[in-house]
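The values are calculated or read from the model by the stated rules, or taken from the named source; none is laboratory data. Predicted, not measured: the structure shown is a model, and the values here were computed from it. Quick reminder, even Gly has a Cβ in these numbers, built from the backbone with ideal geometry, and neighbours come from all protein chains shown. Just the protein is used for accessible areas: all its heavy atoms, side chains included, with ligands, DNA and RNA removed. Shrake-Rupley method; radii C 1.70, N 1.55, O 1.52, S 1.80 Å.
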Amino acid sequence: MITSIATTDATVTDAEMSEPVHHMLAARDLLPAEHFLDSGYASAELIVGMKKNFGVTLVTPVLLNSSPQARAGAGFDRTAFTIDWDKRQATCPRGDTSTWWSPATLRGTKAIVIKFDKETCRPCPVRDQCTRSKTGGRTLSLQPRELQEVLDHARLQQADEQWRAKYATRAGVEGTIHQSVAVTGMRRARYLGLQKTHLEHVFSAVALNLIRLDAWWNGHPLDRTRVSHLARLDLSLAA
């Protein structure tokens, strides 16, 4: 069932709408213990913020490590290094420690830059698996501690089969989105202005809720999968 509706300009991102929507749910005492979101919302900041401000655990895929080593699936990516936050030091897979730890701002975001001495990395026998730099040492970029630990934990979780089975619950939300597009044509606004468009969204939500209540009361399960035009034609010919 659809319990909350928010209408915004198309330029507003999904992540930007997370907090106001949760405020709406909190005001109506409808906050869930877990909120299943798609990957358009995911960020360590959002996961931490929702837990702190609303007590809600976000269940959502986060972006994977984008380092060259992680993308290639070979060599030593960030997870191969041990991070000692208290000592402000990282240890590489061969046991060498970093010599530089400094807060920084990367593309407008707070980060921590960690560097290993070039004299340590240069003679390393597995250097080619660690860095593409020909002369410098290995460099790591981390988010601030709380955010990085949440991100690491989320990445570890989403690789687990139990987590994937749990996240399959999100299919119900995707089914609702598909139904709203197929039944009410919500991808295109019929009116100009947020107020009129919001009213259209309210009417659409009411219609969808009535359709779902009717299906529930009469024991008709909702179609959870999309049937292609070719498949429908095949079925009609078979009948």
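Tabulated data for the structure shown
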quantity: Residue among THR169, THR105 that alone is surrounded by fewer than 12 Cβ atoms within 10 Å (Cβ to Cβ), modelled with pLDDT under 90 and hydroxyl-bearing (Ser, Thr, Tyr); calculated: THR169
quantity: Single condition TYR191 does not satisfy, out of (1) at pLDDT 85 or above; (2) within 30 Å of THR57 (Cα to Cα); (3) open to solvent by 50 Å² or more (accessible area, probe 1.4 Å); calculated: (2)
quantity: Matching residues in region 124-180 - criterion: being within 30 Å of ALA205 (Cβ to Cβ) and among the charged types (D, E, K, R); calculated: ARG164, LYS166, ARG170, GLU174
quantity: Residue list for region 60-69, filter: open to solvent by less than 60 Å² (accessible area, probe 1.4 Å), of a type in the set (S, T, N, Q) and closer than 20 Å to ILE114 by Cβ; calculated: ASN65, SER67, GLN69
quantity: Near pairs, Cβ below 8 angstrom, 6+ apart or cross-chain, from region 208-220 (closer than 17 Å to VAL181 by Cβ) to any residue that is open to solvent by 70 Å² or more (accessible area, probe 1.4 Å) and assigned to a helix (DSSP H, G or I); calculated: LEU208/VAL183; ILE211/VAL183
quantity: Enumeration of residues in region 157-207 that are under 12 Å from ILE2 (Cβ atoms) and among the hydroxyl-bearing types (Ser, Thr, Tyr); calculated: THR176, SER180, THR184, SER204
quantity: Unmet requirement for LYS196, which otherwise passes all of (1) at pLDDT below 90; (2) open to solvent by 50 Å² or more (accessible area, probe 1.4 Å); calculated: (1)
quantity: Subset of region 113-126 [buried (at least 16 other Cβ atoms within 10 Å of the Cβ) and outside any strand (DSSP E or B)]; calculated: PHE116, THR120, CYS121, CYS124
quantity: Condition met for LYS134 (over 25 Å from LEU64 (Cα atoms) and charged (D, E, K, R)); calculated: yes
quantity: Complete set of residues in region 127-142 that are open to solvent by 30 Å² or more (accessible area, probe 1.4 Å) and of a type in the set (Ser, Thr, Tyr); calculated: SER133, THR135, THR139, SER141
quantity: Cross-chain or 6+ apart pairs with Cβ under 6 Å, region 143-159 first and closer than 20 Å to SER102 by Cα, then surrounded by fewer than 17 Cβ atoms within 10 Å (Cβ to Cβ) and of a type in the set (D, E, K, R); calculated: PRO144/LYS110
quantity: Options ALA72, ALA44, ALA90; residue that is open to solvent by 40 Å² or more (accessible area, probe 1.4 Å) and among the hydrophobic types (A, V, I, L, M, F, W, C); calculated: ALA72
